[in-house]
Amino acid sequence: MYDRNRFAKFLIYLFTAFWAAYLILIGVTLPIAFEKGFPTMEPYDMLNACLPGFLFIDFLLRFLFPTPVQQIKPYLLLPIKKQQLINV
């Protein structure tokens with residue numbers, strides 16, 4: 001069915017192009033913003049200085065607020081139907 005649906009292919013290619021455009025835009029504008037905001041530091045030094053903080057915040061958010069999939073995952077190994085787990 002995927003091979004026959006031209007509209008779905010078109011949407012996939014369109015959203016991939018948008019995603020690539022956003023990455024290029026961020027890659028071009030972020031160093032300019034860092035140069036204006038912190039003129040004494042190189043942009044990659046500033047990014048590397050902030051990266052451990054971003055990773056720590058990401059870890060806390062993932063640890064403190066687990067998604068429902070993470071809560072159900074251990075129970076999927078039990079001999080219980082998946083639909084019954086989801087209903088509970």
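Quick note: the coordinates plus some simple rules give every number you see, no bench work behind them. Here the structure is a predicted model, which means the values were calculated and not measured. When we count neighbours, we look across all protein chains shown, and the Cβ atoms used for this are built from the backbone with ideal geometry, even at glycine.
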Cα atoms only, the chain: Rg and Dmax in Å?
21.6, 60
Would you calculate the separation in nanometres between label points at F65 and I32, each defined as 7 Å from the Cα along the Cα-to-beta-carbon direction?
3.2
In degrees rounded to 10, the 0-90 angle between helix 6-37 Cα long axis and the longest Cα principal axis of the chain is 40
Out of Q83, T40, V28, whose Cα points farthest toward the positive end of the dipole of the chain (charges: +1 Lys, Arg; -1 Asp, Glu; placed on Cβ)?
Q83
I need the trypsin sites (Lys or Arg not before Pro) found in the chain, filtered to DSSP loop residues with at most 15 other beta carbons within 10 Å of theirs.
R4, K81
